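The values are calculated or read from the model by the stated rules, or taken from the named source; none is laboratory data. Nothing here was measured: the structure is a model prediction, and the numbers come from that model. Note that each Cβ is placed from the backbone with ideal geometry, even for glycine, and that neighbours are counted across all protein chains shown.
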Amino acid sequence: VFSHPLLVLSTVAVLLLTKSVVTGLVCYGAGLSVANSLQIGLLLSQSGEFSFVMISTALSLGEFSGIQSKLLVTVVALSLASTPLFAAVGRNLAQFLEQKLEERVPEAEHRPRQVEAADVVICGYGRIGRMITQVLDARLVRWVAYDTNPRVVNEARRLDLPVFYGDILQMEKNMVDDGVRMIVMTLNEKRATRMARLLKKKHPDVKVLACVTTLSDSKGFGMNGIIPIMPTLPEDSMLLNLPIGIAVFDKLGYSEEEIGSLVRDKRLQLIREEEERRKAFMDSQAPA
């Protein structure tokens with residue numbers, strides 16, 4: 001190393017760079033994310049211990065000279081010694097990239113095509129919002145949703161779902177069009193309550209449904225022409241909150257027969273999912 005520092009260090013750099021790039025490209029081609037591909041590429045950038053055996057064998061067969069053998073052994077040793085450093089760099093770099101990707105929300109369009117074609121606009125894409133969109137999909141009702149959580153929005157966009165980033169003010173600016181028949185506010189907060197009243201006042205022909213938690217809020221909404229919906233606790237139970245999806249279809253004008261068949265299918269689906277989760281939990285708690 002000390003007699004030929006540039007040669008040794010440049011060879012180590014070429015080895016690490018080449019293996020990182022090739023391994024990263026293979027991982028990316030296999031379907032991994034950019035962050036994970038980069039992390040794995042850096043983690044596996046060094047040579048392997050078997051290289052010492054190959055170098056020794058090549059030296060004994062006369063394929064390498066003594067100087068070449070020493071150079072290669074030094075390069076392999078340095079690359080192996082760099083493993084903890086590159087593992088830490090790869091881990092931190094992957095975390096940084098994932099954080100940046102989560103913060104990068106889809107750029108707001110002036111009039112997204114999905115918004116112009118939507119029949120139902122949903123404010124909030126949490127558990128209740130997703131349950132509503134699932135029952136809407138069952139009857140091919142066009143919808144668009146907004147949420148302020150970048151992670152939620154990006155996960156939905158990766159699935160090519162019409163979910164956009166925006167707070168309540170951004171939603172109000174973009175989401176109401178002549179074709180929109182209903183707005184569902186799944187957020188239970190004061191700003192959402194005020195926005196529900198404002199939307200109903202500005203668009204009296206559009207049905208507005210909003211979540212409430214108290215009977216007084218429910219009465220206040222009723223006086224303003226807003227249809228109150230009350231989530232069932234716990235709110236993360238899609239089965240218990242299925243009546244909200246039923247209310248959406250009822251206000252869209254679907255018949256009892258159409259709603260009934262949909263409810264039966266959706267209830268069976270949710271029951272199966274609940275049973276699978278319960279079984280998985282019980283299996284995880286069972287002694288080995």
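Do we find that Lys19 is within 30 Å of Glu155 (Cβ to Cβ) and either in the same structural domain as Glu155 (by TED's automatic domain parsing) or not hydrophobic (A, V, I, L, M, F, W, C) (or both) in this structure? Answer is no for this residue.
Residues in segment 87-115 that are part of a helix (DSSP H, G or I) and modelled with pLDDT under 55: Arg113, Gln114, Val115.
Tell me, yes or no, whether segment 33-54 has at least one residue that is in a loop (DSSP other than H, G, I, E, B), outside the structural domain of Tyr165 (by TED's automatic domain parsing) and under 24 Å from the mean Cα position of the chain (by Cα).
Of segment 33-54, the ones in a loop (DSSP other than H, G, I, E, B) are 33, 44-49.
Checking the rest, the ones that are also outside the structural domain of Tyr165 (by TED's automatic domain parsing) come to 33, 44-49.
Then keep just the ones that are under 24 Å from the mean Cα position of the chain (by Cα); that gives 33.
Yes, the conditions are met somewhere in segment 33-54.
Among the residues here, Ser10 does not qualify as buried (at least 17 other Cβ atoms within 10 Å of the Cβ), assigned by TED's automatic domain parsing to the domain that holds Ala77 and in a helix (DSSP H, G or I). A count restricted to segment 217-258 and to residues that are part of a loop (DSSP other than H, G, I, E, B) and either surrounded by 12 or more Cβ atoms within 10 Å (Cβ to Cβ) or at pLDDT 70 or above (or both) stands at 15. I'd like to verify a number: residues in segment 198-216 that are modelled with pLDDT of 80 or more, among the small types (Gly, Ala, Ser) and exposed (fewer than 15 other Cβ atoms within 10 Å of the Cβ), how many? Final tally of qualifying residues: 0. Scan segment 45-77 for residues that are under 17 Å from Ala13 (Cα atoms) and in contact with a Gly (Cβ under 9 Å, 6 or more places away or on another chain) and jot them down. Residues satisfying the conditions are Ser45, Val76.
For segment 269-281, the condition holds for no residue, the condition being that it is among the aromatic types (Phe, Trp, Tyr), part of a helix (DSSP H, G or I) and at pLDDT 70 or above.
Among the residues here, Leu38 does not qualify as farther than 30 Å from Arg158 by Cβ, in contact (Cβ under 8 Å) with a residue 24 or more places away in the chain and aliphatic (A, V, I, L, M).
Out of the residues in segment 142-152 that are modelled with pLDDT of 85 or more and outside any strand (DSSP E or B), which is farthest from Ile122 (Cα to Cα)?
Val152
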